[in-house]
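Undergrad: One structure coming up, written as structure tokens, with questions to follow.
The values are calculated or read from the model by the stated rules, or taken from the named source; none is laboratory data. All values derive from a computational prediction rather than experimental measurement. When we count neighbours, we look across all protein chains shown, and the Cβ atoms used for this are built from the backbone with ideal geometry, even at glycine.
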Amino acid sequence: MGISQRRKGACGERSACHELQDRFGWRAYRTAMLQTQHGPKHNRDCDPDIEVPECPDLWFEIKRVEKLSIPRVLALAVKQAGRRCPIVMHRPNRSVNGWMLSLRLEDLPRLVHAYNRAIDQEIEKGGTVPEKGVSGSDTRDGANAQGDERAVRLCVNRRRTD
């Protein structure tokens, strides 16, 4: 991999970290920094591209490329994630859609559970649910954000009782 490709990957990882911070208020950091801090013996192949302490059960694989083979990248993430929920966060250059997530349908309940857990922890600390969290709209009021949160929880709770 060339220097420009590594630089683009690092830029994509930083951008993904900022997006998670802006949208959900989650602290995210690049795990490539661990390799620098802990030396070359740190096993980079076993780390997600970014870590989100609020969602430790999620495995983020970050890709910023024009053409992406989602099945190939998702299969790699599944293999590396172990027991964690593999998520591919990807964005083409100059995309009008912004960042997107890809995951297996069977992992959707795990993603919702991790999101709910992060929200619960934030509320326990006295924080609030981010207004951009669910739909990405900046114009939402807090009541609508809480309503969406309840809708997500309701869907998950219904599944558990069926």
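Undergrad: If the requirement is being modelled with pLDDT of 90 or more and assigned to a strand (DSSP E or B), which of these qualifies: Glu61, Glu54?
TA: None of the others qualify; the one that does is Glu61.
Undergrad: Are there any pairs, at least 6 apart or on different chains, whose C-beta atoms fall under 9 Å, with the first in the stretch 6-35 and closer than 17 Å to His90 by Cβ and the second small (Gly, Ala, Ser) and surrounded by fewer than 16 Cβ atoms within 10 Å (Cβ to Cβ), and if so, which?
TA: Correct list of pairs: Glu19/Gly98; Arg23/Gly136.
Undergrad: To continue, here is another question. Can you tell me which residue within the stretch 85-101, out of those that are part of a strand (DSSP E or B) and out of contact with any Asp or Glu (no Cβ under 8 Å at 6 or more places or on another chain), is nearest to Ile62 (Cα to Cα)? Before you say what the answer is, go through the steps one by one.
TA: Taking the stretch 85-101 first, the residues part of a strand (DSSP E or B) are 85-90, 100-101.
Filter once more, keeping what is out of contact with any Asp or Glu (no Cβ under 8 Å at 6 or more places or on another chain): 90, 100-101.
Details: His90: 6, Met100: 10, Leu101: 9 Å.
For the stretch 85-101, the residue satisfying everything is His90.
Undergrad: Considering the stretch 14-51 alone, what residues qualify as being exposed (fewer than 15 other Cβ atoms within 10 Å of the Cβ), assigned to a helix (DSSP H, G or I) and at pLDDT below 90?
TA: Met33, Thr36, Gln37, His38, Arg44, Asp45, Cys46
Undergrad: Right, something else. Return the residue satisfying two criteria in turn: it lies in the stretch 64-84 and is in a helix (DSSP H, G or I) and touching a strand residue (DSSP E or B) at 6+ places or on another chain (Cβ under 8 Å), and of such residues it is nearest to Glu122 (Cα to Cα).
TA: In this case the residue turns out to be Ala81.
Undergrad: State whether one or more residues within the stretch 101-117 are of a type in the set (Gly, Ala, Ser), out of contact with any strand residue (DSSP E or B) (no Cβ under 7 Å at 6 or more places or on another chain) and modelled with pLDDT under 95.
TA: So far as the stretch 101-117 goes, no, none of its residues is of a type in the set (Gly, Ala, Ser), out of contact with any strand residue (DSSP E or B) (no Cβ under 7 Å at 6 or more places or on another chain) and modelled with pLDDT under 95.
Undergrad: Does Ala151 satisfy the criteria of being among the small types (Gly, Ala, Ser), at pLDDT 50 or above and part of a helix (DSSP H, G or I)?
TA: no
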